[in-house]
Amino acid sequence: MYPEEWHRSQDEGNLRQGNQTEVADSSDATQVAVARKVAVVAVYTKGVDVSQYQSTVDWPRVKAAGVRFAYLRASMGADGRDTEFERNRRGCHENGIAWGAYHYLRGWQVMAGQAENLIAAVGNDWGDLPPALS
């Protein structure tokens, strides 16, 4: 239904679709509603979340599918590292896909150690997107 014209009656507050104009009192021309155009446009950007569980990602194919960004799992808990992180980071760089790193939290482990693990896993290249926690 978008974008279409909608009209609102000043007195009734009702919405009607199309080119209809409501008149609150047909005997009084001053009551004619003011027409307003309202368009709701949603813009989506395709993105993916990848980790070693997707195995080797075909990044040129991902790019061809319209994906514009990726979140790459870098670390898990206080000592886990994603075995595909470096390959995925390189694939995003080579294919012009914006990326960010994420850390998979383990609730039973101390947060400071987990933060240190993420920092060590990512190194100096933090990508295009802010880091995230999962």
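Taking the centroid of alpha carbons for each part, the range 84-134 and the range 37-62 are 18 Å apart. Expressed in units of 2.2 N^0.38 Å, where N is the residue count, the Cα radius of gyration of the range 47-133 is 1.06.
As a ratio to 2.2 N^0.38 Å, the alpha-carbon radius of gyration computed for the range 59-98 takes the value 1.27.
Only the coordinates and a few stated rules stand behind these numbers; no lab work does. None of these values were measured; they are calculated from a predicted model.
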